[in-house]
Each structure stands twice: as C-alpha cells, then as structure tokens.
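What follows is a set of notes on a single structure, which appears directly below.
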Amino acid sequence: MAKDSLSADTIKRGLETRFIGQRVLYHPSVTSTMEIARREARQGAAEGTLVVAGEQTVGRGRSKHVWLTPEGNIALSLILHPGLSCLPSLIMLASLAVARSIERVTGLSPQVKWPNDILINGKKVCGILIESDVQGSTVNYTIIGIGINVNLKPADFAEIREIATSLSYELGQEVSYLSMLRCLLTELESLYLLLLSGGSLYEEWRAKLVTLGKKVRVISGDTVQEGIAEEVTRDGGLLLRRPDGEFTRIVAGETSSID
Ligand code: BTN
C-alpha cells in the first residue's frame, strides 16, 4: 500500500477489537517504533496503544541486529500492561498471533523457531522484540515489537536475501497490508484476553515449533550452548540436552540449527 494512503484512521477503520489498536500513532517514517512506544509508555499510554511505522530507518532487532522495514511491510509496537505472571507467556502470545494471522490471510503455514522467530519454508518472515519495565512485582509496561515482511523482495536486500522471506514472495503475489495488520491485531487481542482469563497458549505454540528434536546452538548474551532441543517448558523455556547428557533450561536466546 502506498505510504501516503496509510493513516491512523485507515488502520482503525473496520477494526473489531476492544482496546488493541483503538489508539494508533502512525508515523510514515520513523527511526524505530520501539523508541516512540517507550516514550508513550513512560507517559502513561493506555493499554492497547499502537505505534505503526510506514518505514523504519533504524529498526531494531534482537542482539543489536538491525531490522529492515522498507515501505509495504509491518512494523509496529504495542503497549500492554500485563501482570507479572503473564510476562513469560507474551513470547508465545506474539508468535502465535503472527502465525495465526499469516495462516488466515494467506493460507501459508508458518512455523516458530524458538523462542519467537516466524519462519516460512525455513526462512525468517517475522521478528519479535519484547521489552518490559518491571519494578519489584509491578510491570510498568510491556512493549511488543513486531516486524513482518509482507511485501518485501528478499533479492533486493543482499544482507538478508539468503535467510529471509516475505509473504508476497512465498505467495507469488502482493499481500494486503491492511488485511494482515487488522487480522494480527484481532489475534493479539483474542490471545491476550485468553491469557488474562487464565487460559494457556502453550500447546498451540509448542505444536508450531520447528526447533524440537534438532541439534542447535543457542546464544544467550555472551553464553553459547549446544545440544539437542529436547522440550520446551510451559513458561516458554528451552530444555537443552548437552553433549554430557545434562539438561539445561534456557529462558531466552537465539537458536540456529547445527545438523
Ligand atoms: C528480531 O531480531 O528478530 C526482532 C525484530 C523486531 C523488529 C520489530 S519491527 C517493529 C519494532 N521496531 C523495531 O525497531 N523493532 C521491532
């Protein structure tokens, strides 16, 4: 969709959510939606406030990677105020909402690489970044940042062409940005409400994982560990069986397959 026809109003029109996306801050071009969302959250933005960018000039990925967001692709940051007990499940929530919305809008079959990369045919189509401000047992705010390659041409970007894909590339035709965005917001809200009412996202998330049973390398900060990804725990942690047979539980990191 052309950058100038997107606006907070076009995004909200026809959106059937109760609170997610009912306040939208749309920026045609911005450094990173995470920066805007953090500023908003610190000023007390309401739950469900959404920051959307037409393009990001300094999009942030995990582990200090850059995240490319040219026009036509989804880059958003969502502000939530969950309880402390919900925090571990937000990884499952975000990745499931993305996977479900891709399935519904395109019919493609995405999978999840632990903890929350979304892959199609083995290549990354979406990245998720979650930041929380916690003081004691109080969560001041959480920001879920989601970037989806909707209409990206991987061949145009040498730095990611071997590892990334997009919905339009996989489908062989352009994908409606607004359909994808609205469906994603609807799924985010319905999964969040399920979580708040005590429901579990674990089984559905686990069923979409490509990582289980694979030999993997996991980088968490300065620590690199290798082993078999045996299982995931109900709070989203990875149980790795190391070469010495011992199990170790990893709460966050970047996995790569070493088969
Ligand atoms: C990853 O490295 O896999 C996470 C990528 C997260 C990208 C999204 S795009 C919207 C939001 N704004 C950012 O600068 N990053 C996140």
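Let's see how each residue does on (1) in a strand (DSSP E or B); (2) within 18 Å of Pro154 (Cα to Cα); (3) at pLDDT below 95:
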| position | (1), (2), (3) |
| --- | --- |
| Ser63 | no, no, yes |
| Ser77 | yes, no, no |
| Leu93 | no, no, no |
| Ala99 | no, no, no |
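Condition check: touching a residue at least 12 places away in the same chain (Cβ under 8 Å), on the phi < 0 side of the Ramachandran plot and in a helix (DSSP H, G or I). Does Ser85 satisfy that?
No, not satisfied.
For region 45-63, enumerate the residues that are more than 9 Å from the ligand (Cβ to nearest atom) and surrounded by fewer than 15 Cβ atoms within 10 Å (Cβ to Cβ).
Residues satisfying the conditions are Ala46, Thr57.
Would you please list the contacts, defined by Cβ atoms under 7 Å and residues six or more apart or on different chains, that run from a residue in region 157-177 that is over 16 Å from Thr69 (Cα atoms) to a residue that is open to solvent by 60 Å² or more (accessible area, probe 1.4 Å)?
Glu170/Asn121
Take the residues of region 76-101 that are surrounded by 22 or more Cβ atoms within 10 Å (Cβ to Cβ) and among the polar types (S, T, N, Q): which is farthest from the ligand (Cβ to nearest atom)?
Looking at the filtered set, the residue picked out is Ser89.
Taking Glu16 as the residue in question, decide whether it is among the acidic types (Asp, Glu), in contact (Cβ under 8 Å) with a residue 40 or more places away in the chain, more than 12 Å from the ligand (Cβ to nearest atom) and more than 28 Å from Ile250 (Cβ to Cβ).
yes
For region 15-30, state whether one or more residues are at pLDDT 95 or above, in contact with a Phe, Trp or Tyr (Cβ under 6 Å, 6 or more places away or on another chain) and farther than 23 Å from Asp117 by Cβ.
No; the residues of region 15-30 include none that is at pLDDT 95 or above, in contact with a Phe, Trp or Tyr (Cβ under 6 Å, 6 or more places away or on another chain) and farther than 23 Å from Asp117 by Cβ.
Table: residues versus (1) within 30 Å of Pro243 (Cα to Cα); (2) charged (D, E, K, R).
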residue	(1), (2)
Gly172	no, no
Arg182	no, yes
Tyr202	yes, no
Ser220	yes, no
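Taking Lys124 as the residue in question, decide whether it is modelled with pLDDT of 95 or more, among the basic types (Lys, Arg), open to solvent by 40 Å² or more (accessible area, probe 1.4 Å) and within 11 Å of the ligand (Cβ to nearest atom).
In short, yes.
Taking the conditions exactly as written (under 19 Å from the mean Cα position of the chain (by Cα), acidic (Asp, Glu) and over 22 Å from Ala164 (Cα atoms)), does Glu35 satisfy them or not?
yes
The values are calculated or read from the model by the stated rules, or taken from the named source; none is laboratory data. Being a predicted model, the structure only gives us computed values, none of them experimental. Methodologically, a virtual Cβ is constructed for each residue, glycine included, from the backbone with ideal geometry; neighbour enumeration extends over all protein chains shown. Remember, those area values only see protein heavy atoms, side chains included, never the ligands or the DNA or RNA. Shrake-Rupley method; radii C 1.70, N 1.55, O 1.52, S 1.80 Å.
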